[in-house]
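Written below as structure tokens is the structure these notes are about.
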Amino acid sequence: MSKKNYSPESLMMSYGYTPEWSEGAIKCPIYQTSTFVFKTAEEGKSFFEIAYGIREREAGEKIPGLIYSRLNNPDIEILENRIALWDNADDCASFESGMSAITTVMLEYLAPGDFILASSPSYGGTDHFIKHFLVKMNIHHIEYFPWDSQEDILKRIDAAGARDKVKLIFTETPANPTNDLFDIAMLVDLGKKLSHGEHVVKVAVDNTYMGPLWQRPLEMGADFSIYSATKYIGGHSDVIAGAVCGRQDDMIRIKTLRTFLGNMAGPWTAWLLMRSLETLKIRMEQQARNAAEVAEFLNNHPKVGKMHYLGNLTPADGHAYEIYKRQYTSPGAMLSFQIVGGEAEAFRFLNGLKLCKLAVSLGSTESLAEHPGTMTHAGVDPELKAKIGITPNLVRLSVGVENAADLIDDLNQALALV
């Protein structure tokens, strides 16, 4: 079915799949196979020539033929075609985790001696990879924060003597776990200012918190929209996966490196994600509605201190509000808040939850609560945690699809224990 004139949610049940391929099966089957049979040796040669970039595909020639499931597989290709619709991307590459998606982009576009500009706060795994793994490859980082202007970042780059060494700008927005916002358009402009001749600076956005429904980084000029597909795309806490969307020339590079790293999604993972994409919009919209009601309750509770929820932003918040109105179509379903007290009070609250589950991850049908300072961001430098607001009393809440009144009752009884 052509994507013309249809919304992504209307195409999630059918796009990229022809029932006649599989005896008329309405749903794409799981192609649980490692390798594929060629009709002729000449066909096998042709498939490999295209897969390895030995030649370009000729006009009217079939898309890269099926060779081996580390290179391509029907389930994987259909999944990627469907995810790409949400971002209006040329192509998508799926991975077996969000971290493998992030690290593949970084490894493809960074080399020894290069610099990466990285936003903070960010997910603890991303922070660790940049600061503890890339440094072993002689790849350096420059950190920037929500309050930094483009001029502030440029001064930091110049102080490091890195004006001609920055190759990748990476941001996670909204930031995990504080919902801090970064201006994608400003970062894209910064990338252009740092680019010259063959020195091209790419901009990658971790879109896990809001995408693919509520933020479209590629439409704002970013080169990559990256997901932990475990989260909203998967949405059921039963699969680990990642995805990268981007332009065709970039995605050829990403998929080529993925082939040799061997970190692509498998057919079972792809099938589960296709299942989940069918209800993506319904789930995310219900989660956002629930989050708005939960936030209203928490805003007025005497045992709740500072709240981090995009729906609370007003014109008085200045640039953050401007970014929110420009970049997002919803406040989303993620919020974090400080319990009045310290770590002990935060733990007491978390231990008292009954309906909400005490677990890391986010974006699933069930509501999940966790303690960022000692869990998802345990490896972040203590001084940095204090600087970016990951305090001992901070709790992160991913709002699910349960009845909002029931969620509020659960939060209320847990807060009563503090």
Legend entry - Matching residues, the range 372-390, being over 23 Å from E296 (Cβ atoms) and touching a strand residue (DSSP E or B) at 6+ places or on another chain (Cβ under 7 Å): G373, T376
Inset, instruction - With respect to R275, determine if the residue is in contact with a helix residue (DSSP H, G or I) (Cβ under 9 Å, 6 or more places away or on another chain) and either surrounded by 22 or more Cβ atoms within 10 Å (Cβ to Cβ) or of a type in the set (K, R) (or both). - result: no
Legend entry - Count of the range 245-281 residues which are in a helix (DSSP H, G or I) and touching a residue at least 24 places away in the same chain (Cβ under 8 Å): 24
Inset, instruction - Run T329 past the list (1) assigned to a helix (DSSP H, G or I); (2) hydroxyl-bearing (S, T, Y); (3) within 20 Å of V205 (Cβ to Cβ) and report the number of the one that doesn't hold. - result: (1)
Inset, instruction - Identify the single condition in (1) of a type outside the set (V, I, T); (2) under 27 Å from the mean Cα position of the chain (by Cα); (3) within 14 Å of P267 (Cβ to Cβ) that D90 does not satisfy, given that it satisfies every other one. - result: (3)
Inset, instruction - Enumerate the pairs (first residue in the range 195-207 and in the same structural domain as L117 (by TED's automatic domain parsing); second residue anywhere and part of a loop (DSSP other than H, G, I, E, B) and of a type in the set (F, W, Y)) with beta-carbon separation below 8 Å, excluding pairs fewer than 6 apart on the same chain, so at least 6 apart or on different chains. - result: D206/Y123
Inset, instruction - Tell me, please, whether a residue that is crowded, with 18+ Cβ neighbours inside 10 Å, touching a Cys at 6+ places or on another chain (Cβ under 9 Å) and part of a helix (DSSP H, G or I) can be found in the range 386-409. - result: yes
Inset, instruction - Could you tell me whether any residue of the range 120-137 is in contact with a helix residue (DSSP H, G or I) (Cβ under 7 Å, 6 or more places away or on another chain), under 22 Å from G221 (Cβ atoms) and surrounded by fewer than 21 Cβ atoms within 10 Å (Cβ to Cβ)? - result: no
Inset, instruction - Inspect the range 202-215 for any residue being more than 21 Å from I252 (Cα to Cα), among the charged types (D, E, K, R), at pLDDT 95 or above and outside any helix (DSSP H, G or I) and give the result as yes or no. - result: no
Legend entry - Selected residue (only one of A59, A41, A93 is surrounded by 17 or more Cβ atoms within 10 Å (Cβ to Cβ) and either modelled with pLDDT under 85 or aliphatic (A, V, I, L, M) (or both)): A93
Legend entry - Subset tally (residues that are among the acidic types (D, E), outside any loop (DSSP other than H, G, I, E, B) and in contact with a strand residue (DSSP E or B) (Cβ under 7 Å, 6 or more places away or on another chain)) for the range 335-366: 1
Inset, instruction - Considering every residue within the range 308-316, establish whether at least one is crowded, with 17+ Cβ neighbours inside 10 Å, more than 22 Å from the chain's Cα centre (by Cα) and in a loop (DSSP other than H, G, I, E, B). - result: yes
Inset, instruction - Scan the range 356-371 for residues that are of a type outside the set (D, E), surrounded by 17 or more Cβ atoms within 10 Å (Cβ to Cβ) and in contact with a Leu (Cβ under 8 Å, 6 or more places away or on another chain) and report the count. - result: 7
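The values are calculated or read from the model by the stated rules, or taken from the named source; none is laboratory data. Predicted, not measured: the structure shown is a model, and the values here were computed from it. Every residue, glycine as well, gets a Cβ built from its backbone with ideal geometry; the counts of neighbours run over all protein chains shown.
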